[in-house]
Structures are given as C-alpha cells and as structure tokens.
1. Look through segment 322-333, keep the residues that are surrounded by fewer than 22 Cβ atoms within 10 Å (Cβ to Cβ) and modelled with pLDDT of 85 or more, and return whichever of them is farthest from the chain's Cα centre (by Cα).
2. With I308, I279 as the choices, which residue is closer than 13 Å to E123 by Cβ, surrounded by 19 or more Cβ atoms within 10 Å (Cβ to Cβ) and out of contact with any Phe, Trp or Tyr (no Cβ under 8 Å at 6 or more places or on another chain)?
3. If the requirement is being crowded, with 19+ Cβ neighbours inside 10 Å, touching a residue at least 24 places away in the same chain (Cβ under 8 Å) and among the polar types (S, T, N, Q), which of these qualifies: S737, S758?
4. Which residue is farthest from I333 (Cα to Cα), if the candidates are limited to segment 384-404 and must be open to solvent by 20 Å² or more (accessible area, probe 1.4 Å) and in a helix (DSSP H, G or I)?
5. Could you look through segment 311-321, keep only residues that are aliphatic (A, V, I, L, M) and open to solvent by less than 10 Å² (accessible area, probe 1.4 Å), and pick out the one that is nearest to C118 (Cα to Cα)?
6. Taking segment 742-755, which residues are closer than 14 Å to P705 by Cβ, open to solvent by less than 60 Å² (accessible area, probe 1.4 Å) and outside any helix (DSSP H, G or I)?
7. Of everything in segment 346-372 that's modelled with pLDDT of 75 or more and buried (at least 16 other Cβ atoms within 10 Å of the Cβ), which residue is nearest to V430 (Cα to Cα)?
8. Name the residue, out of L387, L370, that is in contact (Cβ under 8 Å) with a residue 60 or more places away in the chain and under 20 Å from C157 (Cβ atoms).
Amino acid sequence: PQRREVLQSFPPLAPAMAAVSPRPWISTGGSLLRPFRPAQSKGQSHRATWTLERSCGLAVAGSIACRLAARGSRRAVASASTLRMAVAVESAEDVSTKSEESSASWKYELIRSVGEECQTEAELRKLVEKKPNFVCYDGFEPSGRMHIAQGVYKSVCVNKCTKAGGQFIFWVADWFALMNDKMGGDIDKIRTVGKYLIEVWKVIGMDMSKVKFLWSSEEISNRAEEYWGQALDIASRTTLARVKKCCQIMGRDEDSLTAAQILYPLMQCTDIFFLKADICQLGVDQRKVNMLARDYCDAAGRKLKPVILSHHMLYGLKKGQAKMSKSDPDSAIFMEDAVEDVIRKIENSYCPSAPEQDASDASSSEGMSLVQDELKNPCLDYIKYTLFSREGYTFKAKDRIYENFEDLKKDFVRGELSETLLKETLAAEVNALLEPVRNHFQQDEEARKLLEQVSAWRRGEDLGPAKSSPTHLKLDDLGNEALFVVVAPVPSELVLLSDVLEVLRSLGSGKGKRVLWIQDWSARATGAAGGSAECIKAYYDLLLHGLHSVDPQLMSEVAVRWQGEAILSGPSDYWTSVINAGRQSSLEAIRGALAEEENLDSAGQVVATIMHLGDVLALAGGRDVVLCSGPSTRNLNALAAKHAESSGFSAPQIETTEPLSLRLQAKGEGLEADTQILVTDKEMDINRKFKKAFCEPGNVDFCPPVNWVEALLSNFNMDEFVVKRKEQNGGDLEYSSAERLKEEFGEESLHPGDLKPSLAKAMNAAMLSIRDGMKKADLKKAQKKLDSYAKSLQKKKK
C-alpha cells in the first residue's frame, strides 16, 4: 500500500516506468498491476544495486526511486540509474525464465512424441518442469528372440526419454517369464535370453549412459520385504475382476487363467512403485496393467500417480496381425535376421494402398492401437516408427526424397510411389539398421554363444539338465522329525479368548514336533486387520500372550514360526515355489479351496491361497507332516496336500477339529466385541458380557455360559467350578465336570441368575495371569494399536 501511494503521488513517473519495464508492473494510472516477484539475480553486475533492490526486484526499486525524487534528494540521479539497473535485472530474469520455460516445453514435446497415449499430459508436463531427472521404466520378459520393434523402435523411444533428461530403467522380468511359462519355465534359460537381449541393445544405438538394466529376481530378493510388502498391499486393495482386465498382456483368456497369471499383473504393478518410476514407458498392450497402478493410487490415497506413456505397437507383417508375434517367424523382422530373410519377409508382407473391407479390425478389437488407421499397412508402420522416428531421417526411394512420413504416405496412396519401390527401399534401410547387430553376433565370441543357445532353444533343443527337485523354502531349523502343524487364526481387531483356547486344544492333540505357523504376510494379502503390518503383528503378539498365559507348559514345547520371517530367510526359493504353485493351480481350484461361505472376489485371496501352498511345501520338504484343520480351512489344506504330493513329497495328513462354540449370543445377534470374551477384557467387561449372555432356563442345546464352564474346567487347571447361592436357595454347588452342571441346568435345578455371576467371578480369576502380562509396554502398545483400528472401523460404519 505504501509503494502504491508513492507511485500514485507521482503520476509523471508512472508512464515512464511502464515504458522501460519489460513487464507490466505499473499502469499509466500509477498503480501496481500485480505483486512484485523477488529477482533471482546472481551476476557480478548486480552487486552495485541496493540490498533491498536485489531481493525485491523492479517494483521496490521503482518505489525507492520515487521516494528519493519526492524528497528532492541529491541522489535523485542515482535513483534513476538504480531504476534502469533494476529494469536490466528484470530483463535478464525474464530471458532466463523464458529459457527455462522453453527448455521444459521442448523436453515435454520430445517425451510426448514417444507415446500413442499419455495418462495424463498435464501430469507429464508438470513432471518435466518440476523434476528434470525423472525416472522412466519398461519391463521385458526374456522369452526368445528380439524383433525390430523391441530393438530399433524401443531404442528410439529410450533415447528420446534420456535426451530430455530422464533416466531409463529396464526391468529384466525373469520371474515374470517364469510365471508365464516362457522357455519351459526354466529360470536359467530365461536369464540367458535376457543377456542376449541386452547384448542387442548395446550395438543398435541405444544411449547406455542413462540406462540401467535391473534383474527382477535379484532386486526383489535383495529387497524382499519392501517389494512383497508393496505387492501384498496392492493385492489386498484390488478385486479379481479388475486384475482379469489386465490378462490381455499375457495373451490369455480369462477362462483359462491360472493363479500365477493373476499374480503377474500385481507384481508388474508393484514394479512401478518399487523402482520409484515417474513414467511407465511401455507399449499400448501393457496399458491396462499400468492403469492398474493409477487405480491403486486412488485406493491407497496416494496423490502422486505414475504417468502412463504408451508407445505404438507395430503391426505384424501379415494381413490382420495387430502386432508382431515371436511364435510366427514371418510376422516380424528379427534383429539377427539375415539379409535375404529381411528381403523375403518384406516382399511377402501385406501392403495395401487403400482400406480393405475384409481386413480384420484386429487393432481395435485387441486394444493394440489407440489411433485410427484404416490402412493397417505394416510396411508404412515400419517406415513411420522405425525409420522416421529417428531424428533427421530422410527416406530416399531412387530419385524421390521424403523428409517426413506424411508426404511419403500420400504419394504411396496416390500411386506415385509404387509398392515395389517402397518395399525395396524399406528392405535396404532395415538391413542397414541390422548390419551392426549381425556383425556383433558373428565377431564377438560371447555374443555368438548367446545367440546359438537362444536359437537352439527356439528350435526345441533342450541344452540344460532337468531339475532334480522342486524349488521350495528350506526350514532347516525344524529338523527332519515329523511335524504337527497348527495355523494361527486370521487376525482382526479383536483377539478372542475362544481362539486362544481352540489353538491350545489343537496343539495339545498333536504328536511329534508341534509347530504354530503364523501367516502374517498372507494376512496382509487378504487385507485382514486392515492389511496393516503393525495391526497384524499386534494381534498375533496378543494371541501369543494369551497362549503362553493360559498354558505355559504346552507352549514351551511349541515351535512358533512367523511366515514373514521364514520367507525372508530364503525369499527367492519361497516365491519361486509360490509362482510354481500358481502355475499349477487354476482359478477354479483356488475357488474350491475357499471356505463354503466365502466368495472369490479379491486378488488377495488368490495370492494368499498359493502362499499357503508354498508354506506347506516348505513344511513338508523331506519330513512327515500332519496339518490340523478346522472346517473353514479343510479344503485349503486338501489342495496344499495335493500340491505337495504332485511336487514329489509325501502328502501331509489332515486332521480336522470342530470349532469351540463360545459366542455369548446366537450367530448374527449383537456385535462381536460385545458377544465374545476377549483377551484384553477387563473385569467390568467380563461381568457385563456374562450378564447379557443368552442363557435360557433348561436350554442346554445352546447355552454359552455352560460351554464356558466346560472351557474353564478343561483349560485353566480348575479343579472345580463353584456356584455361589444363598442357604435358602440350597447353598453353594460344586462341579468337577461340565456334564453334571449341564444335566442340572437342563433339569432347571441350576438357575441362570446363579450361574452367570459365579461364571463371571471364575472367569475374572482365570484371566489374572493374562491381565498381569498386559502391563508390559509392548503389549500395551499392541492393544492400543488394535483399539485404534477398531475405532476407525466404527467411524467407517457411521
């Protein structure tokens, strides 16, 4: 306001300042049009300007000059000089800003030219402006030979991205190839093919200075907890129907999908976040799985989404082929093709000059193209994307020279450029591109051996020894003796005392080495306890505390194993076994392994199921195993036993137990927190819950208090249960077995009004050891974590 007042008091100066200023800071009326912006001046010439002026720019400099003139200062001349200098500073800044804006603009245009589609252009432009060293990523399966699109065209795309300042990461997806059953599912052969592909890119012209090749199996194994934690979170937040939309990337129909092919897009989505990629620069055929990453960001509340820059998919050389096929040698030019092969393939290629009505609209039906192309001419496609995509390229067809693709296409359509001349020139140009590759694989000894191996496998020759045994996680610490395995219950916000008693009953019934297997990572996949690793651990910490408090003697003989810790002891072997289990398990088999009342809706259910198969394979490796199973896991354990047997191990035996019926109300009545006794319940909670428990006089078919008396007598070292009564009501009753209590309750000689308070008192006494341990800091923290999660669930319901 003060500057505006000074300027307005000297109207003669305002027009002059507006005239010399490169920006419209001051109107002819003498008022500022917009707030001043600090000048970023660093040059030597700026040191002569005033301190205030250097930090505040032209508007303040003008204000200062006006103030000096108003006071009639002898430095009025100096103030005019200062004003001119401030104008110079602003002019330099303006040029610098325009230069920055221009740089960002051409970088954006260069990167954008790579993609047939960009999701979204606004995000890409902002990314280039704000993060000059952005990260691009593409993943490829080492699955055979490299065609010209993957070799030449991909190199062009990569060079554009790196020229604009980006770093390009190639994710060598050897594990993905294994899931997709490439190279016979042999990981060693897959890795050999990967080395061959990298060798091609080295000689084709790709600028390797800003390119990294990372092997998925190595990187994932080295950072297993980070990678799989992200993958499990994506699985828990993604529906099976959404993942099925991505199945086109593997060329599979939904009806024939295996569990591994559901895991595939989840892992590819994980790669994006694992590599911290800003731009997913893959083909249009990968668009759906890349968009899955953006959908996940919405579900997880992540603001920064990866930009999806999908490049064009080159047509196959035959009529109606939406893209090249490695399984059809004549559908594409391959990077090591001989000169005569290139000429033959191009001579025989489909090359229409006008749209043909009987040409199949494969590009639109298969989602391989996002632009309208009536011709679908593979020769023109090659020319546009492998030749003209290179900077400064000209197409010379005898006496005709084309500097852009559009002119060439027009002449071809009009008949001024013949099909014969077009194909002859195209074949010569392609052969010129491939000649350095041919020379390299002929002259370099290592490269030559790589090509010979890959070519032999392509012909069906098996050069490697067969696998002697299936890959599985080794649990050497469990020894070779027979195991009796009980799987801990699925975590939730409530730790039920009935679950504690059920686990103890199952462990106590076993022979051999008892193992309590805690599937904490599987719980993350299914989103149990909100999918939170902290909440899941809190649940199991409290469960274990309850187990040790109720029966310390039994638990001292039990080997407690956390799934996550076991996985991290050998992540590569474990996930390879899971992938192999997934390859052998159809979605129908996964659906059949679920509990009877459970529907297969989530991708996380698929992942958790094949993880269970991997768990059982690890437990069964070289030893006899008995799986203790409740009704809800009977089908799952049956599938696991079948898989173990098909993998060459003895099929685990399955022992089924029936669940304890200790809910205080009928199923569907009341909230779980009010109708279940919890490990964390206080004395007042126990009293309140038993007071409200269903207890109909004479009804022994469903009487939770009677069932709880039986549980107390059998699990808490209680010699007898005492019902306190007044003398006029017959005095106290003592029961050493639940059978007599049940009989007298059925005869109505024991009234609910006497049973309930006595049961509450006995239960509170039994839980003293649990409550004493709950005073420990780590268990207090665990309880607080679950309480907080429970409150968040209540808020969501409201």
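The values are calculated or read from the model by the stated rules, or taken from the named source; none is laboratory data. All figures in this text were calculated on a predicted structure; none of them were measured in a lab. Counting neighbours? That spans all protein chains shown, and the Cβs are built from the backbone with ideal geometry, glycine included. Areas reflect the complete protein model, heavy atoms only, side chains present, ligands, DNA and RNA absent. Shrake-Rupley method; radii C 1.70, N 1.55, O 1.52, S 1.80 Å.
1. The selected residue is D330.
2. I308
3. Checking each option against the conditions leaves just S758.
4. Within segment 384-404, the match that is farthest from I333 (Cα to Cα) is K384.
5. Among those that are aliphatic (A, V, I, L, M) and open to solvent by less than 10 Å² (accessible area, probe 1.4 Å), it is L314.
6. Hit for segment 742-755 is L750, nothing else.
7. I346
8. After ruling out the rest, the residue left standing is L370.
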